[in-house]
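Student: Just dropping this structure here.
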Amino acid sequence: MRTVQFGLYLFLSNRSRKTCPHIEMMKLSFARYDLEFKVPGGTSRGVLHTKETYFIKLESDGSTGIGEVGLFRGLSHDDRPDFEARLAWLAANIDRGKEWCLDRLHEYPSILFGLEQAYLSLKAQSTFELFPSEFTAGTDQIDINGLVWMGDKDFMKAQIRDKLNSGFKVIKLKIGAIDFDSEMDLLSSIRKNFSAEDIEIRVDANGAFSPVEALEKLKRLSEYELHSIEQPIRQGQYEKMAELCESSPVPIALDEELIGLTQSANRDALLRSIKPQFLIFKPSLLGGIKVCNHWIDLCKEHKIGWWITSALESNIGLSAIAQFTYTLNNPMPQGLGTGGLFTNNISSPLRLEKGALYYDPKVKWGDMDRLFGE
């Protein structure tokens, strides 16, 4: 396990405290943490063995707030050389206030979401209960899809069998890493035993198809009554993606296409141009709660379906996303099943059971102090 910890205390002068008694001393610290996969995760971009993430801690007036900055190397808009320098900048400027800091982090969506979490946590009665609800009370659950990672045919078939035996009614397969015919055989094996009414199948190509071959592959995939396909071609090809959304027999969900759209006008322009059937929101990659709420408003305006997915955060970030998701009352199964992927995850009240995510308030969270060297 590798962790790095930084911190900075910010003090007000005696005079400032007297003239501005409402201003509190604030400390922000952050620590890097490398999550280790139990089994390497295969995607069309390669195989993942570890996942870098960061935790931030706010301390003010005797209270503590925790948030996760879920940087995703190679995918996050804020995957840039000055990333840790920006966290240090945030520590140095945290005394300027919540809104001042949030307004200057639009180009750093994972930091923005982590700071949103930390402020919610700071004000919460319980550090990790950001959105109190029936979910956090343990009396309701969130239905989720079962994720099947890329790998050889036998490995993927074993994962499918495990997900079905675990009670999942929605299976999501990562495709695009092995030959297409083998992937078709896997889909065929599911449909031979389960109808579309029994098991919903979603696939995620992560942009693996070329624009030339995409439509033909989508036609072949449609034989298996798929719910949807995520990002069939690489993001940024608006004209071609619009053509696919218009003509594809399989509904298309945009995922990576949304990353980097930090200006609200660009989001609306994307939807008017491409006209997708679904959008998938990953708060760590899009900029957090406020940004996701804006996307959801646009979906209502354009009559587009949507669901929320985690992006390989630890249980800290996953819990925040799940709690936020529950408040939105979206009946579709969500993509929140990544908490069990890591050997060194933070222990939490989250648990998976029969295709749903639960929060057991009787289970304690793991010790966060050790991550900050305390």
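Student: Which whole-Hz ³J(HN,Hα) couplings does segment 262-267 yield from phi under the Karplus relation 6.51 cos²θ - 1.76 cosθ + 1.60, θ = phi - 60°, glycine and proline marked x?
Tutor: Once rounded to whole Hz, the list reads 7, 9, 4, 5, 5, 5.
Student: If you don't mind, another one. How charged is the neighbourhood of Asn93? Take every other residue with its Cβ under 13 Å from the Cβ of Asn93, and add Lys/Arg as +1 and Asp/Glu as -1.
Tutor: Cβ neighbours under 13 Å give a net charge of +2.
Student: Ok, one more. For segment 220-252 and segment 114-190, what is the separation of their Cα centres, given in Å?
Tutor: Value for the Cα centre distance between the two parts: 21 Å.
Student: Step through the table entries Lys57/Lys364; Lys27/Lys362; Lys163/Lys300, compare each Cα-Cα distance with 22 Å, and write down the pairs that go over it.
Tutor: Lys27/Lys362; Lys163/Lys300
Student: Counting helices only, and only those DSSP H runs with n ≥ 4, report the 222 nm mean residue ellipticity of the chain as the sum of -39,500 (n - 2.57) divided by its residues, in deg cm²/dmol to the nearest 500.
Tutor: Taking each H run of at least 4 residues, the total per residue is -10000 deg cm²/dmol.
Student: Quick one: which residues, 5+ away or cross-chain, put their amide H under 5 Å from the amide H of Ile308? H built at 1.01 Å from N.
Tutor: Placed amide hydrogens put Phe281, Gly335 under 5 Å from Ile308.
Student: A follow-up question, please. Determine, from the Cβ-Cβ distance of Ala158 and Asn266 and an R0 of 51 Å, the FRET efficiency 1/(1 + (r/R0)^6), rounded to the nearest 0.05. Write out the running numbers ahead of the final one.
Tutor: Working: r = 42 Å, r/R0 = 0.82.
The calculated FRET efficiency here is 0.75.
Student: Over the chain, what relative contact order in percent results from Cα pairs under 8 Å that are six or more residues apart?
Tutor: 19 percent
Student: Only bridges whose two residues both fall in the chain count here: according to DSSP, what percent of them are antiparallel, nearest 5?
Tutor: So the antiparallel bridges in the chain amount to around 65 percent.
Student: Under a Cβ-Cβ cut-off of 11 Å, what is the net charge of the residues other than Met156 that fall near it, where Lys and Arg count +1 and Asp and Glu count -1?
Tutor: Overall, the nearby charge balance is 0.
Student: Still on this model: For Asp367 and Arg80, what does the FRET efficiency come to when R0 = 30 Å and r is the distance between their Cβ atoms, rounded to the nearest 0.05?
Tutor: Result of the calculation: an efficiency of 0.45.
Student: Further question on the same structure: How much net charge surrounds Pro349 when only other residues with a Cβ under 15 Å from its Cβ are counted (Lys, Arg +1; Asp, Glu -1)?
Tutor: It works out to a net charge of -3.
Student: Here's something else I'd like to know. In units of 2.2 N^0.38 Å, what is the alpha-carbon radius of gyration of the chain?
Tutor: Working: Rg = 21.2 Å, N = 374, 2.2 N^0.38 = 20.9 Å.
That works out to 1.02 for the chain.
Every number in this text was worked out from the coordinates using simple rules, so none of it is lab data. All of these numbers come straight from a predicted model, not from anything done at the bench. Every residue, glycine among them, receives a Cβ derived from its backbone with ideal geometry; neighbour counts consider all protein chains shown.
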